[in-house]
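Let me begin by presenting the structure, written as structure tokens, before commenting on it.
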Amino acid sequence: VKALRELGRGAECEPLIAELKQAINELETPQPQVINAYAKFAGENSAMERAVKARETAGALKALLAEIEVYKSSVIR
């Protein structure tokens, strides 16, 4: 997105930003509570671990979105 803006192709950025926002919303959507009797053997593939990773990924994408928005406001000036 930053590169496209630097090249003066800002119109191409909006669909990418929309996809980023959609990905954040999907990652933050609460998943149904699943009780797994074998979760202690699942390691990183348990429902709880996947939820933690989804929250971490959503946080990273939010930071990226914030950086893009700050960059956008500095380029527009």
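Taken together, the values in this text are just the output of simple stated rules run on the coordinates, not laboratory data. The structure displayed is predicted, hence computed values, not measured ones. FYI the Cβ positions are ideal-geometry reconstructions off the backbone, even for glycines, and counts take in every protein chain you see.
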Estimated inter-spin distance, LEU65 and ASN25, nm [label 7 Å along Cα→Cβ]: 0.9
Neighbour net charge for GLU28 - beta-carbon separation under 14 angstrom, K R +1, D E -1: +3
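Taking the Cβ-Cβ separation of LYS2 and ARG50 as r and a Förster radius of 30 Å, what is the calculated FRET efficiency to the nearest 0.05? If you can, show how the numbers build up before the last one.
Numbers: r = 30 Å, r/R0 = 1.01.
Efficiency, from the Cβ-Cβ distance: 0.50.
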